Amino acid sequence: MKQQGTTRRTFVQASAAAAATVAFPTLAQGQTFPVKPIKLICPWPAGGSTDAVMRVLAESAGKALGGQVIIENRPGASGMLGPNELVRAQPDGYTLSQITIGVARLPHMQKMQFDPLKDFTYIACLTGYTFGVVVRADSPIRSIADLVAFARANPGKFTYGSTGNGTTPHLAFAEFASKAKIDVTHVPFKGSADGLQAVMGGHVMSHSDATGWGPQVEAGALRLLATYGSKRTKRWSQVPTLNELGFDTVSDSPFGIGGPKGMDPAVVRRLHDAFKKTLEDPAVLATFDKYDQSVIYMGTEDYTQFIRNTFQSEKATIERLGLAMKS
């Protein structure tokens, strides 16, 4: 009889555990996640500033999760190859991507594979770029005033590179050119590393980008003409902003981490908490500082609303610049 009672008790306990798993599958999955490496897509080339930042975030988040976060570079399409892959990925939390402002902007410019309001889970916003325009140190263009004068005297001949059509470095410079009433030629690249090589090699006259150009500016190989923020940067405090020069152009670009739509809320919370914890990691903060980036944190709900609001504001910007997709 004792053995029968033990068997019955074991059966009841097992049944209760099974019932709890059925009743709380979200909790169980969140507690056990991750059980294998997580792929985090960096939609820019290896060796650029974003690649460096994403790698230190991945390492830090992996430690917080007790697992491994592996970077996969997928450069091209103005940073949209990562979001494109999320549309096809399983919503299990094992495929993530950097999400830039481009997801809220490019759908107004061209047909995309995704709907930014429906197809992604916005996990957390973490940081943002500082942008500026650089020329070679031996360029006769020594200031924004020189740039404007040259462009007015030589319509269409001043060339500037960026990280791709519709990216913030492209549109910020286009906005400046519109305000300055100059005709310039845009040359898109796959990412920072390619664009820097082009300006260093004299293939374009300037490059508009995030602060991947910082080491070359510090070394005296490139000259920083202006930055695009609302105030001067801490590192290059002697360099003016486009706004203070009278061109009414202010541009920053927060970015974060996203996954496919339909993710388990407990997994989203686990990922959110891990990436939020990276913002306390000295190695992450040192890398942010190296590229003149600041902490721009938004939780899942606020980040989702930010993208919705940005989608509407970017529509107005694209239409004002005459870059809207033709219907």
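Taking (1) at pLDDT below 95; (2) under 20 Å from the mean Cα position of the chain (by Cα); (3) not in a loop (DSSP other than H, G, I, E, B) in turn, LYS190 satisfies each apart from (3). Of note, SER313 does not satisfy the criterion of being at pLDDT below 95 and either within 16 Å of the chain's Cα centre (by Cα) or part of a loop (DSSP other than H, G, I, E, B) (or both).
Of all residues in the stretch 128-150, those being surrounded by fewer than 24 Cβ atoms within 10 Å (Cβ to Cβ), in a strand (DSSP E or B) and modelled with pLDDT of 95 or more number 2.
The residues of the stretch 93-113 that are more than 23 Å from THR50 (Cα to Cα) and crowded, with 18+ Cβ neighbours inside 10 Å, listed by number, are HIS108, MET109.
SER251 satisfies every condition listed in (1) outside any loop (DSSP other than H, G, I, E, B); (2) within 24 Å of PRO116 (Cβ to Cβ); (3) touching a strand residue (DSSP E or B) at 6+ places or on another chain (Cβ under 7 Å) except (1). If you go through the stretch 81-138 and pick out every residue that is farther than 28 Å from VAL199 by Cβ, touching a Phe, Trp or Tyr at 6+ places or on another chain (Cβ under 8 Å) and β-branched (Val, Ile, Thr), you end up with 2. Just one of (1) touching a Leu at 6+ places or on another chain (Cβ under 9 Å); (2) surrounded by 22 or more Cβ atoms within 10 Å (Cβ to Cβ); (3) modelled with pLDDT under 95 fails for SER49. It is (1).
Cβ separations smaller than 7 Å between residues 6+ apart or across chains give the following pairs from the stretch 288-304 residues that are among the polar types (S, T, N, Q) to residues that are part of a helix (DSSP H, G or I): GLN293/VAL53; SER294/PHE288; THR300/VAL268; THR300/HIS272.
Pairing each residue of the stretch 60-85 that is more than 30 Å from MET112 (Cβ to Cβ) with any residue that is part of a loop (DSSP other than H, G, I, E, B) and among the charged types (D, E, K, R), provided the two are 6+ apart or on different chains, yields C-beta distances under 6 Å for SER60/ASP281. Scoring ALA286 on the criteria (1) over 30 Å from GLN31 (Cβ atoms); (2) at pLDDT below 95 leaves a single failure, condition (2). Residue count for the stretch 151-165 under the criterion of being surrounded by 21 or more Cβ atoms within 10 Å (Cβ to Cβ) and either among the acidic types (Asp, Glu) or under 29 Å from ILE296 (Cα atoms) (or both): the result is 5. In the stretch 182-189, the condition of being surrounded by 22 or more Cβ atoms within 10 Å (Cβ to Cβ), out of contact with any Lys or Arg (no Cβ under 6 Å at 6 or more places or on another chain) and more than 25 Å from GLY76 (Cα to Cα) is met by no residue. For the residues GLY256, GLY229, GLY214, the requirement of being touching a Phe, Trp or Tyr at 6+ places or on another chain (Cβ under 7 Å), closer than 23 Å to GLU314 by Cβ and either crowded, with 21+ Cβ neighbours inside 10 Å or not assigned by TED's automatic domain parsing to the domain that holds THR304 (or both) singles out GLY256.
Taken together, the criteria place ALA149 among residues that are among the aliphatic types (A, V, I, L, M), over 30 Å from ALA266 (Cβ atoms) and without any contact (Cβ under 8 Å) to a residue 12 or more places away in the chain.
Checking the conditions here, which among THR50, THR100, THR95 is among the hydroxyl-bearing types (Ser, Thr, Tyr), under 17 Å from GLY256 (Cβ atoms) and either in the same structural domain as PHE176 (by TED's automatic domain parsing) or in contact with a Lys or Arg (Cβ under 8 Å, 6 or more places away or on another chain) (or both)? Within the list THR50, THR100, THR95, the selection yields THR95. When we screen THR159, THR127 for residues that are touching a residue at least 24 places away in the same chain (Cβ under 8 Å), under 30 Å from PRO91 (Cα atoms), touching a strand residue (DSSP E or B) at 6+ places or on another chain (Cβ under 7 Å) and of a type in the set (Val, Ile, Thr), the only hit is THR127. May I ask you to verify whether GLY102 is under 24 Å from THR163 (Cβ atoms) and in contact (Cβ under 8 Å) with a residue 24 or more places away in the chain? Taking the combined requirement at face value, the residue satisfies it.
The values are calculated or read from the model by the stated rules, or taken from the named source; none is laboratory data. Source: prediction; values computed, not measured. Methodologically, a virtual Cβ is constructed for each residue, glycine included, from the backbone with ideal geometry; neighbour enumeration extends over all protein chains shown.
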